[in-house]
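This report refers to the structure that appears directly beneath it.
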Amino acid sequence: MYTFMTIVKQRTKLQFVLEALISSTLLALALWGIDFSGLWKALRNANYLWLFPSAMSVILLLLLKAWRWQLLYYPEYRLSFGSVFTALSAGFFISNILPARLGEVLRVLLIVSEQPVGIARTTSTIIIEHLLDVATLMVFLIFLLPFISLPPMLANVSKTLGILVIAGIVVMIFISLWRDRLVLWMDNAPSCLSFLKKPAIYNFIIHLVDGFTVMRTHTGVLIIGISLFGWLLVVVTAWSAAEALNLDVSTLAIMFAVVVTTLGMIVPSSPGYIGVFHYLVIISLNPFGVTKDIALALALLWHAVNYLTLSASGYIALWIHGTSLGQILRRYRDGTIV
């Protein structure tokens, strides 16, 4: 007889196969037709000192993301920055080495095990965090559209998606103003909407609405500022990697590559986004006249800086926390973090 954990493990295995298939396919497409002599020449002549500011940007971004996550719990909770930073860093590390993006799950488990917050409230902050990131990227994309040449249909879709995402966040902020009315309406929802009264769904909606409450305060303005500055740091990370290759490409092209690669992370992929990331860098820089071998060289350096810096930070954070990688892997094998 199948247990719930058996089903979850099987789902994880299927997801792993799908992720591996997608990543290997896109990696093959990234390598197809590459001038390997040009790739090697670009990497051999690179000035790797430029990767130091690139790595520093990643570390500063981690600190900003931890601060933003801490603020998203306001005003109900004021969590320790150390616990928040540890959970966030460990989550990135585990997502780099385990499938199914289990770092997000570990992140939740670590924070609720140390701080007086529940899983539902924590999950709501992570959803809001991702929505803010998407909204910020959409602002970047709308800003870039007049300066880049995209097919009309893709440009229109990008504008529409950006407007919808930003409008959705604004609507959620306004809904938080009428929280009590929402609760009353769900309590008296008609029979056709009775599923809203199920405890898991009911609590999730309430926590999500409560999470948006902070966006109506001065803290919300600070959170938006952190989000914008954080994504500018991502641009700096990519720009520094491009400088290492002495790549003559505009900052607008780098910003477009940041938008495309980040939005592309919704595609299922192997741990660390190997293959998916590299292919998206190539196709995003193609409209700017960057050859495939040079674009791949940039993708390799940019990805390596992100992967190694985030993994090292997460490993050190876990070590300071007193949790070993071996313990995490055993919990993964036992199915307690899936």
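The values are calculated or read from the model by the stated rules, or taken from the named source; none is laboratory data. What you are looking at is a predicted structure, and each value in this text was computed from that prediction instead of being measured. Here Cβ is always computed from backbone atoms with ideal geometry, including for glycine, and neighbour counts include all displayed protein chains.
A few remarks follow.
- Residue within segment 182-200 that is assigned to a helix (DSSP H, G or I), more than 18 Å from A120 (Cα to Cα), of a type in the set (D, E, K, R) and at pLDDT 75 or above present: yes
- Positions within segment 252-279 being farther than 21 Å from Y48 by Cβ, without any contact (Cβ under 8 Å) to a residue 24 or more places away in the chain, touching a Phe, Trp or Tyr at 6+ places or on another chain (Cβ under 9 Å) and not small (G, A, S), in sequence order: T261, M265
- First in segment 105-125 and under 10 Å from H207 (Cα atoms), second anywhere and not in a helix (DSSP H, G or I), Cβ under 7 Å, 6 or more apart: T125/L72; T125/Y73
- Residue match in segment 258-274 (condition: surrounded by fewer than 16 Cβ atoms within 10 Å (Cβ to Cβ), modelled with pLDDT under 90 and not aliphatic (A, V, I, L, M)): no
- Cβ pairs under 6 Å, 6+ apart, first in segment 22-49 and surrounded by fewer than 16 Cβ atoms within 10 Å (Cβ to Cβ) and among the polar types (S, T, N, Q), second outside any helix (DSSP H, G or I) and modelled with pLDDT of 90 or more: none
- Only one of the numbered conditions (1) surrounded by 16 or more Cβ atoms within 10 Å (Cβ to Cβ); (2) modelled with pLDDT of 80 or more; (3) not basic (K, R) is not met by M172, and that is (2).
- Verdict on A312 being at pLDDT 85 or above and closer than 15 Å to Y273 by Cβ: no
- Tally of residues being of a type in the set (D, E) and surrounded by 10 or more Cβ atoms within 10 Å (Cβ to Cβ) across segment 179-205: 1
- Failed item, numbered, when M153 is tested on (1) modelled with pLDDT of 75 or more; (2) within 30 Å of V258 (Cα to Cα); (3) of a type in the set (A, V, I, L, M): (1)
- For segment 275-306, the candidate set comprises residues that are hydroxyl-bearing (S, T, Y) and surrounded by 20 or more Cβ atoms within 10 Å (Cβ to Cβ); within that set, the residue that is farthest from A30 (Cα to Cα) is S284.
- Yes/no for L233 being loosely packed, with under 15 Cβ neighbours inside 10 Å and of a type in the set (A, V, I, L, M): no
- Number of residues in segment 250-294 that are under 20 Å from S57 (Cα atoms) and assigned to a loop (DSSP other than H, G, I, E, B): the value is 1.
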